[in-house]
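Novice: Have a look at this one before I ask anything.
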Amino acid sequence: MDQQYFDRIYETTYRPMLKYAILHLSDPTDAEDALQNVYLSFYRRIERYGHLDVLFPKAFLLKMLKREIIEQYAQRQKRNLRPLEDVPEERLKDDWVFEDGVLDRALAEDILLEAKKLPRETYRVFVLYYGYEMTISEIARELGLGQEAVKSRLFRGRNAIRQYLTAEDADSDSGR
């Protein structure tokens with residue numbers, strides 16, 4: 001197995017994959033768990049079969065992550081004792097389904113609209129972190145803040161967005 005190959009792919013894909021997982025799972029812990037499962041599966045796969053047939057590793061990992069996210073939602077539904085909806089197999093096989101793209105875009109737009117309601121500095125930190133994928137130390141330098149202040153604002157922003165999404169889910173579950 002080519003450990004250097006795996007390490008290089010991991011280093012170049014981890015941040016965008018984590019961002020994708022957080023946006024789709026909304027809980028950073030679940031997102032990290034999903035990503036860990038994906039990288040472990042990827043590692044085992046290239047250990048067993050090699051990596052020469054993986055022409056686009058980022059796309060390959062993204063497809064694995066999408067399946068993992070679907071599995072996480074299925075597990076959530078089982079824990080909540082809700083019946084699972086039948087998802088046609090052909091939808092699971094497609095790389096991109098129009099409806100999913102529309103829903104992803106609509107969710108991103110809702111999140112951005114809600115983020116704009118945050119206090120100005122919290123909004124700026126949120127956008128720099130998620131929109132421009134800057135690190136906490138980069139944001140601190142850019143805005144002239146301490147790293148703890150950046151972390152605090154990011155935490156408050158995430159919580160506000162999470163509360164909004166949770167409230168919206170509760171509204172849609174109650175039939176409103």
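Novice: Quick one: plug the Kirkwood hydrodynamic radius of the range 3-79 (C-alpha pairs) into Stokes-Einstein at 4 °C, 1.567 mPa s, and report D in µm²/s. It would help to have the intermediate numbers written out before the result.
Specialist: Details: Rh = 12.8 Å.
D = 101 µm²/s.
Novice: Within the range 47-70, name every residue whose backbone N is under 15 Å away from a label modeled 7 Å from Cα of residue 41 along the Cβ vector.
Specialist: Zone members listed by number: 47, 58-70.
Novice: What's the exposure ranking of 52, 118, going from fewest to most Cβ atoms within 10 Å? Don't skip to the end; give the middle numbers.
Specialist: Details: 52 9, 118 18.
Fewest-to-most Cβ neighbours within 10 Å comes out as 52, 118.
Novice: Can you tell which of 62, 18, 4 lies farthest toward the positive end of the dipole of the range 3-79, using +1 and -1 charges on the Cβ of basic and acidic side chains (Lys, Arg; Asp, Glu)?
Specialist: 62
Novice: What FRET efficiency comes out for the pair residue 142/residue 75, r = Cβ-Cβ distance, R0 = 45 Å, nearest 0.05?
Specialist: Numbers: r = 39 Å, r/R0 = 0.86.
The pair residue 142/residue 75 has a calculated efficiency of 0.70.
Novice: How much length, in nm to one decimal, is gained on full extension between residue 55 and residue 15, taken as 0.36 nm per residue of separation minus their Cα-Cα distance?
Specialist: Values: separation 40, 0.36 × 40 = 14.40 nm, distance 2.01 nm.
Extra length from residue 55 to residue 15 when fully extended: 12.4 nm.
Here, each number is a calculation from the coordinates, and none is a lab measurement. For clarity, every value in this text was computed on a predicted model and none was experimentally measured. Don't worry about glycine lacking a Cβ; one is built from the backbone with ideal geometry, like all the others, and counts go over all protein chains shown.
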